[in-house]
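What follows is a short report on a single structure.
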Amino acid sequence: MPKATSDAKLLIQSLGKAYAATPTNLKIIDLYMVFAVATALIQVVYMGVVGSFPFNSFLSGILSCIGTAVLAVCLRIQVNKDNKEFKDLPPERAFADFVLCNLVLHLVIMNFLG
Amino acid sequence: MAEPGSSTAAAGDGGGRLRNAFGGVLCAFTLLLIGVLAFSIRLFSVIKYESVIHEFDPYFNFRVTQFLSKNGIYEFWNWFDDRTWYPLGRVIGGTVYPGLTLTAGTLWWLLNSLNIPLSVETVCVFTAPIFSANASWATYLLTKEAKGTGAGLMAATILAMVPSYISRSVAGSYDNEAVAIFALIFTFYLYVKTLNTGSLFYATLNALSYFYMVCSWGGYTFIINLIPMHVLLCIVTGRYSSRLYIAFAPLVILGTLLAALVPVVGFNAVMTSEHFASFLVFIILHVVALVYYIKGLLTPRLFKVAMTLVISVGLAVCFAVVAILIALVASSPTKGWSGRSLSLLDPTYASKYIPIIASVSEHQPPTWPSYFMDINVLAFLIPAGIISCFLPLSDASSFMVLYLVTAAYFSGVMVRLMLVLAPAACILSGIALSEAFNVLTRSIKCQLAKLFDDSPAASGDSSAESSSASTASTNSAKNENRSEKTKTIPKEKPSKNRKKEREVAESVPVKHKKEKKLLVLPMEASAMGILLLIVLGGFYVVHCVWAAAEAYSAPSIVLTSRSHDGLHVFDDFREAYAWLSHNTDVDDKVASWWDYGYQTTAMANRTVIVDNNTWNNTHIATVGTAMSSPEKVAWEIFNSLDVKYVLVVFGGLVGYPSDDINKFLWMVRIGGGVFPHIKEPDYLRDGNYRVDAQATPTMLNCLMYKLCYYRFVETDGKGFDRVRGYEIGKKHFKLTHFEEVFTTHHWMVRIYKLKPQKNRVRGKLKKLKSGSKTSSTIAAGRNKNPWQ
């Protein structure tokens, strides 16, 4: 067991060190993602407290949070310089696609919010 | 891949660009021709009959489109239809897939605003051919993503003509599949394009196209289950990439939201089992993505440590979650699936539990001949296409193979789903044919090149030279195929040795320049091969045109038959509906079997009791019970539903086999499923369904028999039923509770009116008249029936 805990500590330390090496713009996107997921969790807890009526509002709220998180991940994938598949993709184009997809997502959300 | 010559243009870069441009123009022109072909092959019914809407379901769609064009979209969205399923009504806005109606409505509005005054009916009739042209172009795009332009053009041509798709999209067949197949192929194209390029823009378009598919057809569940299956396949076979994430994750979120927007689907998008596959694979994809991300961050040793930790903890959590989910799903009796989906997964489900689904002829499993009728030559080109997809295997080609396999399974369950198999079959056949043509034309080109290289070195007359050159080239080709080193040259004729050695010496450096495994066949074989493939294509085209003209162009509302004195046209259905619309009040209710509900509301404009939507089994069972009961009981049932007229379809005089007497057993079964006093064995004699003298008394007394055969004996004196092939059982009888008001020209549709109740009830009158002995004896002998 002590080996496991020491291993776990070593693991977390090396994870932290490796993560600290990522560029700042990617860290900003990660922060945004964490914020979106945290909002989703808060909404789930709220639904657990007050009940799920009206269901369409709950669904649109949750899916908008998860949707922005997913789109942020997609943006991160495309902007990451370590990704060899996307080295010809200019980051402005990636951001433009991200904005477009978010627009569509939020248009649908507003329609479904009720 | 499209133009093998373009990349190796000998005339330099300018010549290459010209060739590219020429290839592009040729490609565009071919696509235009394919669109025209797809449109015009579906016009046979318009030419042979008239521009009329076919069958039953299209009439409902047509009526909804008429309403939309007259009243606008807000009225359409909130429409409650009280002229059907009397007295229940039907919420049209919430139970119809609006895609087709909105598409045709938009087309009509656009044309009218451009001052092209086409009527709604014309737009509805020609919507299907237009969208089949669009579907061919979408097939071209999809196959181009998988295998290149040549395969794309081939697949598009094949799809334009495949009989299975023609059967559901002729001009006049205004049904959901007309636009849904286009939406299906286009959604798949955008998914594969996103998978290939990893662009979020195409992912957005993919979600929007999926939205269009959800609007159009209930078969959208096929997409939302096939794509997760493919993602899972890619993950399991080690082809995970970040493009896969971009292709799938936004689609799930946006797709679920968009599907929930459509009123028909609503919250089913997150609550029914049909969608759970996408959520499950969504979670799995995220886990895999996280694993790959952490793998990239850590050293391999630490990664192993992480894995052991995670697996021990994660597995426990996973099991708990899965157990909860299974308990939730298993607690519902249908395990969360809808009836139609369950009948697809378990083919015997419908016949056991839902007789209405089992009774539709389109829901039966197909027979072997129907495969050859519907996809013809493609049936044996598909395996060649599958093999071609594996050389080399890419994400797109694995998707094709998966699509084909699942579509083939579902088409085996229900003949209607052959339609979903058709695009997959066309794509794979297109790939196979294109590869075959590639190899054969390359062989001929190489052999011809060798031939022209060889000609200055030889001497003698040209015929001998060409034959020797061809045999020599055959030999050299065989050498190339056999091994890389040409050690021994087979000595055919000593005089040709020198030439052969020089040829082999020439060909060896040429061969090293080519790729390693390029297959080059002998020239005669290649030419023969190309010729035979073209003949095969010719057979396919001939079959498709025949199928379109003869088999799938019948409008079902107008029938024709040829006899020795020319062509007979049976327009009885429209005759009956026109009579109804002219000779009855607007609020009169008409009862018939559910097959004719849509047509009655659309053409006769009268309220019906049940129609083709078949959403209320009890209501249909009520009508079925009424048709199976004796006259008095049937009168009472119909009277309780405010019915004024009863309509039956009878084919005995002209030999029309799809009439109500042939459907009667289904009425008994469905009625008996809800009202147990109707028992099917009562209507069968020794297990056989008969209406002649051997029929059971229950059968001979039921309403359907009486309404169909009333006065039938007057036609030929013997009452010979041309469909059943024998004389009927009860020939001379009177109707007590119904009166005949209309029978069409060929006796195909017969309309009866319910007789009103008599004012005086004679039994009561007898009690008031006390004393008279004769009257009391008469009363004792008479049946106490208010109508007799």
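The values are calculated or read from the model by the stated rules, or taken from the named source; none is laboratory data. On a predicted model such as this, the values are computed, not experimentally measured, just so you know. Cβ placement follows ideal geometry from the backbone for every residue including glycine, while neighbour counts extend to all protein chains displayed. What goes into the accessible areas is simple: the full protein's heavy atoms, side chains included, and nothing from ligands, DNA or RNA. Shrake-Rupley method; radii C 1.70, N 1.55, O 1.52, S 1.80 Å.
Treating only the Cα positions of region B:72-208 as identical point scatterers, give the base-10 log of I(q)/I(0) from the Debye formula at each q in 0.22 Å⁻¹.
Treating every Cα as an identical point scatterer, log10 I(q)/I(0) equals -1.24.
For region A:24-113, would you read off the P(r) tail past 20 Å as a percentage of all alpha carbon pairs?
Of all Cα-Cα pairs in region A:24-113, 43 percent lie more than 20 Å apart.
Before anything else, pin down the relative contact order of region A:24-113: Cα pairs under 8 Å, at least 6 apart, normalised by residue count, whole percent.
35 percent
What distance in nm separates the two pseudo spin-label positions at B:Ile311 and B:Leu735, each 7 Å out from Cα along the beta-carbon direction?
7.8 nm
Of all the stretches in chain A, which is the longest one without any exposed loop site, taking trypsin sites (Lys or Arg not before Pro) in a DSSP loop (any state but H, G, I, E, B) with at most 16 other Cβ atoms within 10 Å?
On the way: sites that count: A:Lys81, A:Lys87.
The longest uninterrupted stretch comes out as A:1-80.
Quick check on region B:95-176: what are the equivalent-ellipsoid semi-axes from the Cα gyration tensor, as sqrt(5λ), descending, whole Å?
28, 14, 12
Percent of Cα-Cα pairs per 5 Å bin, from 0 to the last occupied bin, for region B:355-416, please list those.
4, 16, 21, 21, 15, 11, 7, 4, 2, 0
Taking the Cα centre of the protein assembly as shown as origin, sum charge times position over the Cβ atoms of Lys and Arg (+1) and Asp and Glu (-1), and report the length of that vector in debye to the nearest 20.
1720 debye
Given a Förster radius of 25 Å and the C-beta distance between B:Ala320 and B:His286 as r, what FRET efficiency does 1/(1 + (r/R0)^6) yield to the nearest 0.05? Kindly include the intermediate steps, with their values, before the conclusion.
Working: r = 18 Å, r/R0 = 0.73.
According to the calculation, E is roughly 0.85.
Please report how far the C-alpha centroid of region B:246-309 lies from that of region B:566-635, rounded to the nearest whole angstrom.
Between the Cα centre of region B:246-309 and that of region B:566-635, the gap is 50 Å.
Work out from phi, with θ = phi - 60° and the Karplus expression 6.51 cos²θ - 1.76 cosθ + 1.60, the ³J(HN,Hα) of each residue of region B:111-119, listed in order in whole Hz, and give x for Gly and Pro.
Once rounded to whole Hz, the list reads 5, 5, 6, 8, 6, 9, x, 8, 6.
Find the relative contact order for region B:4-158 and round it to a whole percent, using C-alpha pairs within less than 8 Å whose residues are 6+ positions apart.
24 percent
Highest mean first, how do B:73-79, B:242-248, A:50-56, B:45-51 rank when packing is the count of other Cβ atoms within 10 Å averaged over residues? Don't skip to the answer; put the middle values down first.
Numbers: B:73-79: 14.0, B:242-248: 24.0, A:50-56: 11.3, B:45-51: 16.1.
Ranking the peptides B:73-79, B:242-248, A:50-56, B:45-51 by packing returns B:242-248, B:45-51, B:73-79, A:50-56.
Total accessible area buried between chains B and A, 1.4 Å probe, in Å² to the nearest 100?
Summed over both sides, the interface buries about 3000 Å².
Probe of 1.4 angstrom, ligands and nucleic acids ignored: what's the accessible area per residue over region A:1-87, in square angstrom?
61 Å²
Calculated FRET efficiency, B:Trp368 and B:Ser556, Cβ-Cβ r, R0 25 Å, to nearest 0.05? Could the numbers behind the result be given before it?
Working: r = 25 Å, r/R0 = 1.01.
Once rounded, the FRET efficiency stands at 0.50.
Mind computing the radius of gyration and Dmax over the alpha-carbon atoms of region B:186-289? Å is fine for both.
12.7, 39
Can you compute log10 of I(q)/I(0) for the protein assembly as shown with the Debye formula, treating each Cα as one identical point scatterer, at q = 0.04, 0.06, 0.08, 0.10 Å⁻¹?
One equal scatterer on each Cα of the protein assembly as shown leads to -0.27, -0.58, -0.92, -1.22.
Give a residue-ordered list of calculated ³J(HN,Hα) values for region A:5-20 (Karplus: 6.51 cos²θ - 1.76 cosθ + 1.60, θ = phi - 60°; whole Hz; x for Gly, Pro).
So the J values, rounded to whole Hz, are 5, 5, 4, 4, 4, 4, 4, 5, 4, 5, 4, x, 5, 5, 5, 4.
Can you give me the distance in nm between label points at B:Phe452 and B:Tyr409, each placed 7 Å from the Cα along the Cα-to-Cβ direction?
In this crude spin-label approximation the distance works out to 5.2 nm.
Quick one: Kirkwood hydrodynamic radius for region B:517-564, alpha-carbon pairs, angstrom, one decimal?
14.3 Å is the Kirkwood radius here.
Which parts of region B:414-430 would a label at B:Leu391 reach, counting a residue when its backbone N lies under 20 Å from a point 7 Å out along Cα-to-Cβ?
Within reach of a label on B:Leu391: B:427-430.
Take region B:677-766, compute every pairwise Cα distance, and split them into 10 Å bins from 0; I just need the percent in each bin.
Going out from 0 Å in 10 Å bins, region B:677-766 shows 14, 39, 30, 13, 3 percent.
Could you list which residues have their amide H under 5 Å from that of B:Tyr726, counting only those 5 or more apart in sequence or on another chain, with H placed in the peptide plane?
Residues meeting the criterion, in which the H sits 1.01 Å from N, are B:Asp721.
Using only Cα atoms, locate the centre of region B:95-127 and the centre of region B:644-665, then give the distance between them in Å, rounded to an integer.
Cα centroid to Cα centroid, the span is 34 Å.
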